Amino acid sequence: MSVVAPGLGQSSGPEPEARPDDGAKRAPRGRIEPVDRVFRAALGGSGAIVLAIMLLVGVFLTYRAAQALGVAKFSFLTTSAWEPDSRHFGIAAVLTGTVLIGVTAIVLAVPLALGTALYISEYAPRRLRRTLISLVDLMAAVPSVVFGLWGAFFLQGHVVGLSRWISTYFGWIPVFQVDGADPHDPLQANTVYTSSTFIAGIVVALMVTPIACSVMRETFSQAPAGEREGALALGSTRWGMIRAVVLPYGRGGVIGGTMLGLGRAFGETIAVYMIISPVFEVQPHILQNGANSVSALIALRYGSASDFGMSALMAAGLALFLLTLVVNFIASSIAARGRSGAGTEA
Amino acid sequence: MTTDLLNKQAGGTTVRPDRDGRDETPEVRRHTSSLHTSDVLGLLGAAVGSLALSALLFVWIAPFDSILGFVVVAYLLFVGLYAVLVSFDENGVAVRDKVAAVLWQSLAVLLLAVLVMVVVYTLWRGRSALVHLNFFTEDMSRTGPLQPLGEGGVVHAIVGTLEQISISLAVTVPLGLSCAVFLNEVPGRYARFVRTIVEAMTALPSIVTGLFIYATVILILGIDKSGFAAALALGVMMLPIIIRAADVVIRLVPGSLREASYALGASRWRTVWTVILPTARSGLTTAVILGTARGIGETSPVLLTSGINAGLNADPGSGPQISLPLATFDLVRSPQPAYIARGFGSAALLMALVLLLFVLARVIGGRGPGELTRNQRHRRVQASRRDVARMTRRARLRSAPTAPGSD
């Protein structure tokens, strides 16, 4: 029993004096062969390239945006018009629009993601589980242009009725107010409710639900089996067990998944662009025609942009980049803080 | 304490179960399934009741005509009726349990229904363009807005998509996989930093990657807007996704395999090449395929870095080169019905491509590292049997080299 592996270092064996003492101090690690040196250098190099690409994104956006930011200064954050060629531009309107679309999307996506995650991890039959997981993954990979098509050509016509209903009965809440809509006029066309933040939000919600769902499901499925069985053995129902064990354990995953979804919702471009009709003023009424977002602005204006206009768009892109980065870091730090920190791989 | 009570009641003597008077009929097997008849009846009853009630409400009582409203009212009535039905047999806790189960299940059904609706709607609206063979063989350079679906097609977009995705895969697969190996094989503070940055970049808005490539490759290196630039933008977008998925898969390779390889004296490079990568092969393939599926559907980076063209441009090095999602986006902006039909056609084609990639990923991967399919297991068993046979034959030959005729 006194066999001590030579060269493994850190003599944690029970009898350290049993080690063959040949005077020379042993290296705690094995000898690195030349081919390994090259190999490790190559691996480190690929890591460095990836790191460089990722850091360069921020660096170059800042570098290109500097010109426009130097002209606009702080008015960049407070101006809502976008006329870079007359030096009158800012992201107040588009940033508000982005946040509104993101928040609408996440409010709709969280119950959907939570329900699906709970169903897959707690209720679904074992055989069905893998199929359901890959269907949710498939939904995450449906191209955004397809969601945009569906939203613009199919969903819009069905949702305007709902928008009208909400604005008629809940119009006293400022967010649901619609200017220019008269609920007592039966002949009024529904165009005032089309292309709104709400419709874009629904479509974006469907796009971010799978991501939020897979993060949540992952943490739920890691809830310790002992605690689950303990709750059941104490006579809890399945829902009682979920409330007492799974949800508290997966709280980090729920918040992290929500934030991750929010970050994705902020960055969504094409589906939003296909649905909204852009306005360049702060538009807090989510049911009303007209919305905007930073990414839609970039896609809309890059084609006709002058050099300075491009720099201004880069500045808008930088703002979006920083916004998603902050949301993402909050997401990962929250997800890592809970007991279930290890389980946040989407 | 119980025995005390028993003793008192029975006057100090131990009570034994009456063996002779015992019911000798065989015990009926307990029903252990979690599905009971009353549950099914409750669900059915609630469904029928809610449909009937909401139909009554919508047809007879109130002048409502919205399908969405009907579905919502019927669903709310269904949940309410189900709760009432269950409360006839069960207590409050059980009612809450059952209602919660119904709620979560219906949310999952809703999500999947939306997925099916999106996919089917796209394929259905795309069918009118897809039935024309010229849709796959012609481009749009000589097709005007008023020409019927029998002319023009999206071959330029198909070629563009395939070329761009191939170039970006050629860059991202070696880089992404070696970075994932790096994260696992050279652990330390540096690797942790790289991992944090990569994780933060998985949510990089795709339009920002387009802007980045525009700012660097097009403005600084002076390369034209082209399919190559678009491929680079797609690559920047796919890279974090592939690295993250591959990192998770490589982390799952059992440590015992790695240690066995080291114990046999293999170098790190040998271990990675002959043990870790083959073990994680199916998972790595899945990671790459899923990254491809994400990259193939991205529109905005291609819009910014390559642009829209109507003719076939097979050279990714120069000139705008459209891709399938971009063609969809461009075509449906037109008010012409034929253009919109072509847009749906290319969306359907794109969707079919993504579905194909997913089926591939499902067939190849989805298995943990080291988990084998039935055929693979069978082949391994066969190989090991052959080895055993070979070794015994050899041992026999060696033990009796002087008597070859004794076999």
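The values are calculated or read from the model by the stated rules, or taken from the named source; none is laboratory data. The structure presented is a predicted model; accordingly, all values stated were derived computationally and were not measured. Here the Cβ is made from the backbone with ideal geometry for all residues, glycine too, and neighbour counts use every protein chain on show. All accessible areas refer to the heavy atoms of the entire protein, side chains included, with ligands and DNA or RNA removed. Shrake-Rupley method; radii C 1.70, N 1.55, O 1.52, S 1.80 Å.
Numbers below:
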| quantity | calculated |
| --- | --- |
| Summed side-chain charge close to A:I133 - residues other than A:I133 whose Cβ falls under 11 Å, Lys, Arg +1, Asp, Glu -1 | +2 |
| Under 10 Å, Cβ to Cβ, from B:Y214 - net charge with Lys/Arg +1 and Asp/Glu -1 | +2 |
| Acute angle (nearest 10 degrees) that the helix A:197-221 long axis makes with the longest principal axis of chain A, alpha-carbon atoms | 20 |
| Over the protein assembly as shown: helical MRE at 222 nm, DSSP H runs n ≥ 4 each giving -39500 (n - 2.57), nearest 500 | -21000 deg cm²/dmol |
| Relative contact order %, chain A, counting alpha carbon pairs below 8 Å whose residues are six or more apart | 25 |
| Formal net charge of residues neighbouring A:G303 (Cβ-Cβ distance under 15 Å; K, R +1; D, E -1) | 0 |
| A:A291 long-range amide H proximity, modeled H, under 5 Å | A:S277, A:V279 |
| Hz values of 3J(HN,Hα) by residue in region B:353-360 - Karplus curve (6.51, -1.76, 1.60), Gly and Pro given as x | 5, 5, 4, 4, 4, 5, 4, 4 |
| Residue among A:G171, A:Q156, A:V136 farthest towards the positive dipole end of region A:94-343, charges placed on Cβ | A:V136 |
| Given charges at beta-carbon only (K, R positive; D, E negative), |dipole| of the protein assembly as shown in Debye | 2880 |
| Max mean-square fluctuation residue, GNM over chain A, Cα-Cα springs under 10 Å, options A:G261, A:G309, A:G230 | A:G230 |
| Per residue, in Å², the accessible surface of the protein assembly as shown once ligands and nucleic acids are set aside, probe 1.4 Å | 50 |
| Inter-probe distance in nm under a simple model that places probes 7 Å from Cα toward Cβ, at B:V171 and B:Y75 | 4.3 |
| Among A:G58, A:A225, A:A48 the positive-end extreme of the charge dipole of chain A (Cβ point charges) | A:A225 |
| Total accessible surface hidden between B and A, rounded to 100 Å², 1.4 Å probe | 7600 |
| Zero-based 5 Å bins, Cα pair distances in region A:94-343, whole percents | 1, 6, 12, 15, 15, 14, 12, 10, 7, 4, 2, 1, 0, 0 |
| Rg over Rh [alpha-carbon atoms, Kirkwood Rh] for the protein assembly as shown | 1.06 |
| Percent of Cα-Cα distances greater than 22 Å, calculated over region B:37-128 | 43 |
| Taking chain B and dividing mean pair separation by its residue count, relative contact order in percent (alpha carbons under 8 Å, at least six apart) | 18 |
| Along chain B, longest interval not containing exposed GluC sites (Glu not before Pro), exposed being DSSP loop plus at most 14 other Cβ atoms within 10 Å | B:28-370 |
| Farthest positive-ward along the protein assembly as shown dipole, Cα basis, beta-carbon charges - from A:M274, B:T172, B:G150 | B:T172 |
| Virtual paramagnetic centre 7 Å along Cα→Cβ of B:Q147, amide N under 20 Å, in region B:321-344 | B:321-324, B:327-344 |
| Threshold 40 Å², region B:137-185 residues less accessible with all protein chains present than alone (1.4 Å probe) | B:L175, B:F182 |
| Percent of C-alpha pairs per 20 Å bin, chain B, short to long | 18, 32, 31, 15, 5, 0 |
| Label point distance in nm, A:A42-B:F88, each placed 7 Å from Cα along Cα→Cβ | 7.2 |
| Candidate residues A:D185, A:D36: accessible-area rank, largest first, probe 1.4 Å | A:D185, A:D36 |
| Nearest-20 debye value, region A:94-343 charge dipole, Cβ charges on Lys, Arg, Asp, Glu | 1020 |
| For region B:102-176 versus region A:133-181, the gap between their alpha-carbon centres in whole angstrom | 22 |
| Virtual paramagnetic centre 7 Å along Cα→Cβ of B:Y190, amide N under 16 Å, in region A:36-56 | A:36-53 |
| Net charge dipole size for region A:195-264 [Lys, Arg +1 and Asp, Glu -1 on Cβ; Debye, nearest 20] | 100 |
| FRET efficiency, B:Q336 to B:L57 (Cβ-Cβ, R0 41 Å, nearest 0.05) | 0.45 |
| Length added when fully stretched, B:S384-B:L103, from 0.36 nm per residue minus Cα-Cα | 96.0 nm |
| Estimated distance in nm for a label pair at B:V28 and B:L397, the labels positioned 7 Å out from Cα along Cα-to-Cβ | 7.1 |
| Exposed GluC sites (Glu not before Pro) absent - longest run of chain A, DSSP non-H/G/I/E/B, at most 15 other C-beta within 10 Å | A:1-280 |
| Cut-off under 5 Å, modelled amide H: who pairs with A:F89 long-range | A:E83 |
